[in-house]
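*Asks:* Encoded as C-alpha cells, here's the structure I'll be asking about.
The values are calculated or read from the model by the stated rules, or taken from the named source; none is laboratory data. Just so it is clear, the model here is predicted, and its values are computed rather than measured. Glycine gets a Cβ as well: all are built from the backbone with ideal geometry, and neighbour counts include every protein chain shown. Side chains included, ligands, DNA and RNA excluded: accessible areas come from the protein's heavy atoms. Shrake-Rupley method; radii C 1.70, N 1.55, O 1.52, S 1.80 Å.
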Amino acid sequence: MNDDVKKCIEACYLCAAACDNCAASCLQEENLEMMRNCIRLDMQCANICRLAAQFMTLQSESARQLCQLCAEVCQQCGDECGQHQHDHCQHCAKACHHCAEACRNMAA
C-alpha cells in the first residue's frame, strides 16, 4: 500500500470522526431546523468515508470509483458545514474538504 493510499484512508477516518462529532453536536444546537441538512450530510459523509477507507484497505477494484463518489459527498458536506459558525461545523468543513481532495487524488 503506497503513501497516497494510506493518507487517503487516514483522511477518510478523520473526516468520518469529524462528521460524527458534528452531527452529535448539531443535535444539541437550539435551532435544530437550521441544522437539519448539516446533520443529514454529516451522517451520509461519515458512512461513505468509512466505506471508502475499508475498500482501499481491502485493495478493492472498486475503490477508485468509491473514492470519486466519496469526494463528491465530502465536498457537499464541507460546503454545508462551512456555512455554519459553530466550531464543530467549521472543524468538520475543514476535514471534509481535506478528505475530498485526498479522495479526488485517489480517484485520478
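*Asks:* Would you tally the net charge around Thr57, using a Cβ to Cβ cut-off of less than 15 Å, leaving Thr57 out, and scoring K and R as +1, D and E as -1?
*Replies:* It works out to a net charge of 0.
*Asks:* In whole angstrom, how far apart do the alpha carbon centroids of the stretch 1-31 and the stretch 66-81 sit?
*Replies:* Cα centroid of the stretch 1-31 versus Cα centroid of the stretch 66-81: 11 Å apart.
*Asks:* Considering only protein heavy atoms and a probe of 1.4 Å, how much of the accessible area of the chain is carbon and sulfur, as a whole percent?
*Replies:* Percent of accessible area from carbon and sulfur atoms in the chain: 50.
*Asks:* Hey, what D do you get for the stretch 3-107 in µm²/s if you plug the Kirkwood alpha-carbon radius into Stokes-Einstein at 37 °C and 0.692 mPa s?
*Replies:* 250 µm²/s
*Asks:* Please go through the stretch 42-108 and write out the GluC sites (Glu not before Pro) that DSSP classes as loop and that have at most 13 other C-beta atoms within 10 Å.
*Replies:* The qualifying sites are Glu61.
*Asks:* Taking the dipole about the Cα centre of the stretch 3-107, with the C-beta of Lys and Arg at +1 and of Asp and Glu at -1, give me whichever of Gln85, Ala95, Met34 is farthest to the positive side.
*Replies:* Ala95
*Asks:* Counting Lys and Arg as +1 and Asp and Glu as -1, what is the net charge of the other residues whose Cβ lies under 14 Å from the Cβ of Ala95?
*Replies:* Around Ala95, the surrounding residues sum to -4.
*Asks:* Here's something else I'd like to know. On average, how much accessible surface per residue is there in the chain, in Å², for a 1.4 Å probe, leaving out ligands, DNA and RNA?
*Replies:* 57 Å²
*Asks:* Follow-up question, since we're still on this one. Which angle between 0 and 90 degrees, to the nearest 10, do you get for helix 32-57 versus the longest principal axis of the chain when only C-alpha atoms count?
*Replies:* Long axis of 32-57 versus the principal axis of the chain: about 10 degrees.
*Asks:* Shifting gears a bit: Determine ³J(HN,Hα), in whole Hz, for all residues of the stretch 85-93 in sequence, where each value follows from phi through the Karplus function 6.51 cos²θ - 1.76 cosθ + 1.60 and θ = phi - 60°; x replaces Gly and Pro.
*Replies:* Here the 3J(HN,Hα) series is 8, 5, 4, 5, 6, 5, 4, 5, 4 Hz.
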